[in-house]
Amino acid sequence: MDPMTLMQNRYSCRKFGDGQLADEELGTILEAGRIAPSACNNQPWRFIVLQSDEDLAKVDGCSRCRYGAKTAILVCFDIDESAKNPVVTPDYGWIDCGLAIMQMALAAESLGLGSCIVGAYDPEAVRSAFNIPDNLVTYQFLMLGHPEAGPSKMHGDRRPLGDIVIRGGF
Ligand SMILES: Cc1cc2nc3c(=O)[nH]c(=O)nc-3n(C[C@H](O)[C@H](O)[C@H](O)COP(=O)(O)O)c2cc1C
């Protein structure tokens, strides 16, 4: 699939079927995250893969947005790594993780899988459920699985370029 079609086709899936991802599919998705760009090439991300019934039940205890996904990846970043280079004054961990999660979502789409980035969760509950150490900041979940629902209205609702592109400054 050409990149533009891939990006157009990806949508936030909010209903997943029962089937689990094949190990190879999961490997491809994680690889897409691994090779993402990051500020100073810090690669501060950690991808916590949650697939067991016990772990998925814990996800449900922290978020209402699993949508039946059989795989959830909790994307975190290590604050000791994301801000380790003094040249980079702001902490780019959030941005680095945003790029990695998007690459993973697009990889899922390329495999015919569905994905949903989920920020609606209780951070303290997540920290305690998965014993997240203090040096890790939790970013977002990426819910993954076999799609059983198509795009919501929001998928088609984008502002026109005329609203968001400014040529030559204000
Ligand atoms: C940072 C971020 C957080 C999001 N959190 C949630 C969420 O908690 N629950 C949810 O159902 N969708 C969530 N979404 C999906 C957005 O609602 C969705 O991307 C947007 O409405 C556009 O729709 P589309 O992804 O289908 O094109 C999130 C997306 C992003 C980028």
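Look at the range 90-111: where a residue is polar (S, T, N, Q) and a partner is in a helix (DSSP H, G or I) and open to solvent by less than 60 Å² (accessible area, probe 1.4 Å), sitting 6+ places away or on another chain with Cβ atoms under 7 Å, you get Gln103/Ala32; Gln103/Gly33; Ser110/Leu6. In the range 120-137 there is at least one residue that is within 16 Å of Ser12 (Cβ to Cβ) and in contact (Cβ under 8 Å) with a residue 40 or more places away in the chain. Only a single item in (1) under 28 Å from Asp2 (Cα atoms); (2) more than 12 Å from the ligand (Cβ to nearest atom); (3) β-branched (Val, Ile, Thr) is not met by Val137, and it is number (1). Scanning the range 120-170 for residues that are open to solvent by 50 Å² or more (accessible area, probe 1.4 Å) and of a type in the set (Val, Ile, Thr) gives Ile164, Val165, Ile166.
Just checking, how many residues over the range 44-64 are within 14 Å of the ligand (Cβ to nearest atom) and open to solvent by 30 Å² or more (accessible area, probe 1.4 Å)?
Taking the range 44-64 first, the residues within 14 Å of the ligand (Cβ to nearest atom) are 59-60, 62-64.
Those still in the list that are open to solvent by 30 Å² or more (accessible area, probe 1.4 Å) too: 60, 64.
Qualifying residue count for the region: 2.
Might you check whether a residue that is more than 19 Å from Pro44 (Cα to Cα), open to solvent by 20 Å² or more (accessible area, probe 1.4 Å) and not basic (Lys, Arg) occurs anywhere in the range 86-104? Step through it out loud before you land on a result.
So the first thing to find is which residues in the range 86-104 are more than 19 Å from Pro44 (Cα to Cα), and the list is none.
The answer is no; no qualifying residue exists.
Would it be correct to say that Ser115 is of a type in the set (S, T, N, Q) and surrounded by fewer than 23 Cβ atoms within 10 Å (Cβ to Cβ)? No.
Just to be sure, is Gly114 within 12 Å of the ligand (Cβ to nearest atom), over 22 Å from Asn41 (Cβ atoms) and touching a strand residue (DSSP E or B) at 6+ places or on another chain (Cβ under 7 Å)? Lay out the reasoning, then the answer.
On the way: within 12 Å of the ligand (Cβ to nearest atom): yes; over 22 Å from Asn41 (Cβ atoms): yes; touching a strand residue (DSSP E or B) at 6+ places or on another chain (Cβ under 7 Å): yes.
In short, yes.
If you go through the range 108-118 and keep only what is under 13 Å from Arg66 (Cβ atoms) and either of a type in the set (Gly, Ala, Ser) or touching a Lys or Arg at 6+ places or on another chain (Cβ under 7 Å) (or both), you end up with Gly114, Ser115, Cys116.
When the range 6-21 is filtered for residues that are out of contact with any Cys (no Cβ under 8 Å at 6 or more places or on another chain), under 15 Å from Ala72 (Cα atoms) and open to solvent by 50 Å² or more (accessible area, probe 1.4 Å), the ones remaining, listed by number, are Lys15, Asp18, Gln20.
The values are calculated or read from the model by the stated rules, or taken from the named source; none is laboratory data. The structure displayed is predicted, hence computed values, not measured ones. Heads up, the Cβs are rebuilt from the backbone with ideal geometry, glycines too, and the neighbour counts pull from every protein chain shown. The accessibility values were calculated without ligands, DNA or RNA, using every heavy atom of the protein model including side chains. Shrake-Rupley method; radii C 1.70, N 1.55, O 1.52, S 1.80 Å.
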